[in-house]
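Chemist: Submitted below is the structure of interest, expressed as structure tokens.
The values are calculated or read from the model by the stated rules, or taken from the named source; none is laboratory data. Small disclaimer: the values here were computed from a predicted structure and weren't measured. Here the Cβ positions follow ideal geometry from the backbone for every residue, glycine too, while neighbour counts run over all protein chains shown.
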Amino acid sequence: MKAIEDGARLSQVIDALDESSNSLSIKLGYSSPGSIYHVINGVNNLSKGMIDRIVNTFPKVSYQFLKEGVGEPLLSGEELQTQLNLFNTADVDHEVEVVKKLLSIPSKLDRIIKLLEDKK
């Protein structure tokens, strides 16, 4: 089986993230989208630095997929947790959801108190 070219792998990741080349370059902290376009167009290969930036910014992106073209572009379940542990990173999406739930507790408590007071 022939390995997927670097540009094709990066394009698949961009599509899986529902990003554009330009938005990805901004989120990765590049001053212009040129670095991304050069990889997609085959001018440059995916560097370790770019792969690291992508995986650190988007922890669900598979390092192994970017590096070798193996597996799927995005991870989930045990594979995601293994990669998060391996790179000592956090699943930001999950942490945001936890914080949102915690922040909603006071308003839920207020509603409960109001319901209890209305029953009196």
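Chemist: Any idea which residue in region 44-60 is modelled with the highest pLDDT, counting only those that are assigned to a loop (DSSP other than H, G, I, E, B) and over 9 Å from GLY7 (Cα atoms)?
Modeler: Filtering region 44-60 down to residues assigned to a loop (DSSP other than H, G, I, E, B) leaves 44-47, 58-60.
Narrowing the set further to residues that are over 9 Å from GLY7 (Cα atoms) leaves 47, 58-60.
Numbers: SER47: 91, PHE58: 87, PRO59: 86, LYS60: 88.
Looking at residues that are assigned to a loop (DSSP other than H, G, I, E, B) and over 9 Å from GLY7 (Cα atoms), I get SER47.
Chemist: Inside region 14-33, can you point out the residues that are in a loop (DSSP other than H, G, I, E, B) and either touching a strand residue (DSSP E or B) at 6+ places or on another chain (Cβ under 7 Å) or under 20 Å from LYS67 (Cβ atoms) (or both)?
Modeler: Going through region 14-33, the residues in a loop (DSSP other than H, G, I, E, B) turn out to be 17-20, 28-33.
Across region 14-33, the qualifying residues are LEU17, GLU19, LEU28, TYR30.
Chemist: Moving on to the next point. Condition first: of a type in the set (Phe, Trp, Tyr) and touching an Asp or Glu at 6+ places or on another chain (Cβ under 7 Å). Now tell me which residues in region 1-46 satisfy that. I'd like the intermediate steps shown before the answer.
Modeler: Initial filter on region 1-46 (of a type in the set (Phe, Trp, Tyr)): 30, 37.
None - no residue of region 1-46 is of a type in the set (Phe, Trp, Tyr) and touching an Asp or Glu at 6+ places or on another chain (Cβ under 7 Å), so the list stays empty.
Chemist: Do you know which residues across region 1-25 are β-branched (Val, Ile, Thr) and either exposed (fewer than 14 other Cβ atoms within 10 Å of the Cβ) or modelled with pLDDT under 90 (or both)?
Modeler: From region 1-25, those β-branched (Val, Ile, Thr) are 4, 13-14; that's our starting set.
The one that is β-branched (Val, Ile, Thr) and either exposed (fewer than 14 other Cβ atoms within 10 Å of the Cβ) or modelled with pLDDT under 90 (or both): ILE4.
Chemist: Moving on to the next point. When you check ILE36 against the structure, is it touching a residue at least 24 places away in the same chain (Cβ under 8 Å), assigned to a helix (DSSP H, G or I) and not aromatic (Phe, Trp, Tyr), yes or no? Give the derivation first.
Modeler: On the way: touching a residue at least 24 places away in the same chain (Cβ under 8 Å): yes; assigned to a helix (DSSP H, G or I): yes; not aromatic (Phe, Trp, Tyr): yes.
For ILE36, the condition - touching a residue at least 24 places away in the same chain (Cβ under 8 Å), assigned to a helix (DSSP H, G or I) and not aromatic (Phe, Trp, Tyr) - is met.
Chemist: How do the pairs read when you match residues in region 59-72 that are touching a residue at least 60 places away in the same chain (Cβ under 8 Å) with residues anywhere that are β-branched (Val, Ile, Thr) and in a helix (DSSP H, G or I), using Cβ under 7 Å and keeping only pairs 6 or more apart or on different chains?
Modeler: none
Chemist: Has region 94-113 got any residue that is at pLDDT 75 or above, in the same structural domain as LEU17 (by TED's automatic domain parsing), in a helix (DSSP H, G or I) and among the basic types (Lys, Arg)?
Modeler: no
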